[in-house]
Amino acid sequence: MSFLKLYDYPRGPYPARVRIALGEKGLQSQVESVFVDLRTGAHKKPDFLTKNYSGTLPVLEIEPGLFIGECTAITEYIDNLDGNPILTGKSPKEKAIIHMMNRRAEIELLDPISVYFHHGTPGLGPHVEIYQNKEWGLHQLAKSIKGMHYFDSFLKGQPYVAGQSFSMADITVIGGLIFASLLKVPIPEECEALLEWYARMQNRASFINRLDF
Ligand SMILES: N[C@@H](CCC(=O)N[C@@H](CS)C(=O)NCC(=O)O)C(=O)O
């Protein structure tokens, strides 16, 4: 592989999704991480906006000047590079289930906890958070807790979020729980299956080593 540049904030929950996917695929050494400092608002500056119009991380540059945003798209790309997509599904049925659960992980857990961070807390600070709506943030926090219960109900009957094997959908729920833990939002203790699953996920090498490059 000749050129992969990851515009990155390594401790961020969304970049963690790509870092974990790279770990699962054994591709960390193929990627150069370019630090973009969220705390100073570097991701909202014109130079970065030409790479990703939404001013969010991560972004993967797959050829000079060709920038891929959105964790799901980036994960699809890196998972298919070797022709053996272990994270995003091989058969039409696997792909459909993984993408359904991955999207639900974004909608019900990761995106709401992110909105809580940006609206219900000081977020990245007043120089970056130019519009905040605290009530909306708190509403999204409650949504994310409901999301935890939703995934707990699935995990009572199956070992992974999309069924019998680890996939991109697990990675996205992990991203949501990394975000929750950064914000000191606990997983409700009655979500026993989710807690057991998360303990297993935290033992995976790709989780443990996600900051190692
Ligand atoms: N839908 C995007 C969301 C990415 C995202 O929100 N990334 C966070 C990093 S943890 C970010 O850049 N937040 C900064 C901001 O929204 O100002 C994706 O899946 O890549």
Those residues of region 129-165 which are assigned to a loop (DSSP other than H, G, I, E, B) and of a type outside the set (D, E, K, R), in sequence order = Ile130, Tyr131, Gln132, Asn133, Gly157, Gln158, Pro159, Val161, Ala162, Gln164, Ser165
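Can you tell me how many residues within region 42-66 are touching a residue at least 40 places away in the same chain (Cβ under 8 Å) and not acidic (Asp, Glu)?
Number satisfying all stated conditions: 11.
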Take the residues in region 77-93 that are part of a helix (DSSP H, G or I) and without any contact (Cβ under 8 Å) to a residue 40 or more places away in the chain, then tell me which one is surrounded by the fewest Cβ atoms within 10 Å (Cβ to Cβ).
-> Pro92
Is there a residue in region 35-46 that is assigned by TED's automatic domain parsing to the domain that holds Gly123 and among the hydrophobic types (A, V, I, L, M, F, W, C)?
-> no
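In region 1-40, which residues are part of a helix (DSSP H, G or I) and among the polar types (S, T, N, Q)?
Scanning region 1-40 gives Gln28, Ser29, Gln30, Thr40.
So that you can scan it fast, the table gives a plain yes or no per residue for (1) touching a Gly at 6+ places or on another chain (Cβ under 7 Å); (2) open to solvent by 50 Å² or more (accessible area, probe 1.4 Å); (3) basic (Lys, Arg):
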| position | (1), (2), (3) |
| --- | --- |
| Phe3 | no, yes, no |
| Tyr7 | no, no, no |
| Arg11 | no, yes, yes |
| Pro15 | no, no, no |
| Ala21 | no, no, no |
| Gln28 | no, yes, no |
| Val31 | no, no, no |
| Phe35 | no, yes, no |
Of the residues in region 41-71, those that are touching a strand residue (DSSP E or B) at 6+ places or on another chain (Cβ under 7 Å), assigned to a loop (DSSP other than H, G, I, E, B) and of a type in the set (D, E, K, R) come to Lys51
Out of (1) in contact (Cβ under 8 Å) with a residue 60 or more places away in the chain; (2) surrounded by 15 or more Cβ atoms within 10 Å (Cβ to Cβ); (3) of a type in the set (Gly, Ala, Ser), the odd one out for Ala205 is which?
-> (2)
When you go through Thr56, Thr40, Thr50 one by one, which is the residue that is of a type in the set (Ser, Thr, Tyr), surrounded by fewer than 18 Cβ atoms within 10 Å (Cβ to Cβ) and closer than 17 Å to Tyr9 by Cβ?
-> Thr40
Would you be able to say whether some residue in region 148-158 is touching a Ser or Thr at 6+ places or on another chain (Cβ under 9 Å) and surrounded by 14 or more Cβ atoms within 10 Å (Cβ to Cβ)?
-> no
Complete set of residues in region 109-122 that are assigned to a helix (DSSP H, G or I), more than 9 Å from the ligand (Cβ to nearest atom) and either surrounded by fewer than 20 Cβ atoms within 10 Å (Cβ to Cβ) or hydrophobic (A, V, I, L, M, F, W, C) (or both) | Leu109, Ile113, Val115
For residues that are of a type outside the set (Ser, Thr, Tyr) and open to solvent by less than 30 Å² (accessible area, probe 1.4 Å), tally how many sit in region 125-147.
-> 6
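The values are calculated or read from the model by the stated rules, or taken from the named source; none is laboratory data. Note that the structure is a prediction, hence the values are computed from the model and not measured. Every residue, glycine among them, receives a Cβ derived from its backbone with ideal geometry; neighbour counts consider all protein chains shown. Side chains included, ligands, DNA and RNA excluded: accessible areas come from the protein's heavy atoms. Shrake-Rupley method; radii C 1.70, N 1.55, O 1.52, S 1.80 Å.
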